[in-house]
Structures are given as structure tokens and as C-alpha cells.
Amino acid sequence: MTTATRHATPTNRHAAMPTPTATDAAMTAGRDARGGLTVERVSHHYLANGRRTDVLDDVSFSVGAGQVACVVGPSGCGKSTLLGLAAGLMRPAAGRVTWNGETVRMGPTDHLGMAFQQPGLFPWMTVRENVAIGLTTRGKSRRDARRIADEFLDTVGLHEFKDAYPSQLSGGMAQRVGIARALALKPRLLLLDEPFAAVDAFTRLKLQQEFKALLKLDRPTVLFVTHDVPEAIALGDVIVVMSQRPAAVKTIIPVRREERDRASLAYAHKLAETLACLGVTSDMEGE
């Protein structure tokens, strides 16, 4: 059973708001879960050249400890802004984001790991050095950082490439290095911004399978932004569906294990349900 919650009960895209008592209880449950992430009535905007752009509008949901919440929605609706707020890279204009019951504050933190669409590897460093650098900046000795880096490179199948440079890697291999670098920190909160979007379809499916296996090692809480609905179903315990900008949460869709089997009718119905929330109809509608 999922512990992810939101302000509105996710019965449909036009669900009515619950009573304040129900809302308060839901948000409290998210805050009390150890290692849980809560986004509570968050609104945010950007100012540029004297012009204000509203991005998020009263967004609320929570992700329980060890859960994977995938965020989907139209381009430009503020999904990446949510990650920045959860990481403490910026403050919300209104509302608050909490981690483990405490308000997320700007500045460095030792519980966080991040990975992006582009792995962001340093071209002058070897693969091993790229994985180890986050560990040394958090106080690990060089020897320990190299040992841990080697362990995670072995886990992602890249041990024999530890002395290679990023220019010598394929796109999928480089992405594995980025994931290894994030997971080597043993983060309790893992924030991912379309980490598999830049690779081909086959490599993407393989990386998704490997990623699910890697998450079982330490079971971090994960906020995963994606435009790929099948990916959200494959990886998420819950799918947070966002509206157009300024974005609100349309609904939260739980995903059961049997719904992840792409050959199953349950998967087809889950895909149709999620696409419908995004305004995309399918041949499954009405069955």
C-alpha cells in the first residue's frame, strides 16, 4: 500500500477537495514517515526582465520513505522546479518542502543524491574519479572513495572501464556512471531529472531494469521526473500527474506490481488511465 498523499483524493482529474481535517491528516502522515518527502501547498514563480512567470500553484503531495514517486506532466509545467525545491537549490515563493519532518533549507546536505538527463561527467577525469569525487567532497578519504567507486562500478557492470575517460564511453555507459556516482553517496533522498531520456529506446529499457535492481540495495526515497508514461509505470510506486503551467497536482495514481508487466492487460489499463489524466485518449477508453 502506498503512503503517498495529496490535497485532493485522486478519484479523477476533477476530484473535489477533501475537508481540512482529511487534508491535515494526509499531510501529517507524510511528514511523520522517516525519510519521507512532503511538498505542502507550494507555489513558485520566476522573475525575468520585470516579467513574472507563475510555475507552481498550490502543489501538495508526499512521498513515503523508500518510495519512488514519478512526476509526469506537460513540458514546462515545473517538474524540474520541484526537484530544485526538494534539493534546497531554491526556496518556494509560498508553502514549504520538508524532508524527514524538517523544512528543506538552502545549502549543502549529506542525505541527497541527484542525476540528470545529461550525466555531467568531468571529461578530464577517469570514470572512477568521476564516481569518487562526490565521496571526497563529503569527507571520504581518497582511498575509501576509490574503493566505494570501484564497488559501484562493478555493480553497474563498468569495472573494466574504470580507467577510461567519458569520451570513450557510449551514451548508455556514461549514464550508468552518472547513476553510480549518485548511488555511491548512499543518499536517503534521490532526485532524478529524466536520467534516461538521452539514450536509445533499447538502452533505456535496459537502464530502467538495472535501476530498479540498484534501488533495492539501499531503498532511498526517490522523486523521478519523466515525460515517459511507460517509464513512470515501470519504476514508480505512485505517479504524480501535473497540469499545465502554473501547475497543480491533477491526481496521484498508485501503481501495483502486476501493472508493471508490459504484456498484461493491467498494464494497458494503467497506461490508458495515466494518459487520460494527461489529456491523451487511447483505444482502451470505454472498455
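Values for this structure:
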item: Hits in the range 111-125 (condition: in contact (Cβ under 8 Å) with a residue 60 or more places away in the chain, open to solvent by 40 Å² or more (accessible area, probe 1.4 Å) and in a loop (DSSP other than H, G, I, E, B)); result: Q117, Q118
item: Filtered residues of the range 78-110 (kept if within 18 Å of the chain's Cα centre (by Cα), of a type in the set (S, T, Y) and surrounded by fewer than 20 Cβ atoms within 10 Å (Cβ to Cβ)); result: S80, T98, T109
item: Matching residues in the range 155-186 - criterion: being more than 16 Å from A213 (Cα to Cα) and not in a helix (DSSP H, G or I); result: K162, D163, A164, Y165, L169, S170, L185
item: Residue list for the range 209-245, filter: touching a residue at least 60 places away in the same chain (Cβ under 8 Å) and open to solvent by 60 Å² or more (accessible area, probe 1.4 Å); result: L217, R219, H227, Q244, R245
item: Qualifying residue in the range 249-267 (condition: among the aromatic types (F, W, Y), surrounded by fewer than 21 Cβ atoms within 10 Å (Cβ to Cβ) and in contact (Cβ under 8 Å) with a residue 12 or more places away in the chain); result: yes
item: Residue check for T137: open to solvent by 30 Å² or more (accessible area, probe 1.4 Å), touching a residue at least 60 places away in the same chain (Cβ under 8 Å) and not assigned by TED's automatic domain parsing to the domain that holds A197; result: no
item: Condition met for P74 (outside any strand (DSSP E or B) and in contact with a helix residue (DSSP H, G or I) (Cβ under 7 Å, 6 or more places away or on another chain)); result: no
item: Hits in the range 219-238 (condition: within 17 Å of L278 (Cα to Cα) and of a type in the set (S, T, N, Q)); result: T226
item: The range 50-77 residues that are open to solvent by 30 Å² or more (accessible area, probe 1.4 Å), paired with ones that are assigned to a strand (DSSP E or B) and among the basic types (K, R) (beta carbon under 6 Å, 6 or more apart); result: D58/R41
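The values are calculated or read from the model by the stated rules, or taken from the named source; none is laboratory data. If you're wondering where the values come from, they're calculated on a predicted model, not measured in any experiment. Cβ atoms come from the backbone with ideal geometry, glycine included; neighbour counts cover every protein chain shown. Calculation scope for accessible area: heavy atoms of the full protein, side chains included, ligands and nucleic acids excluded. Shrake-Rupley method; radii C 1.70, N 1.55, O 1.52, S 1.80 Å.
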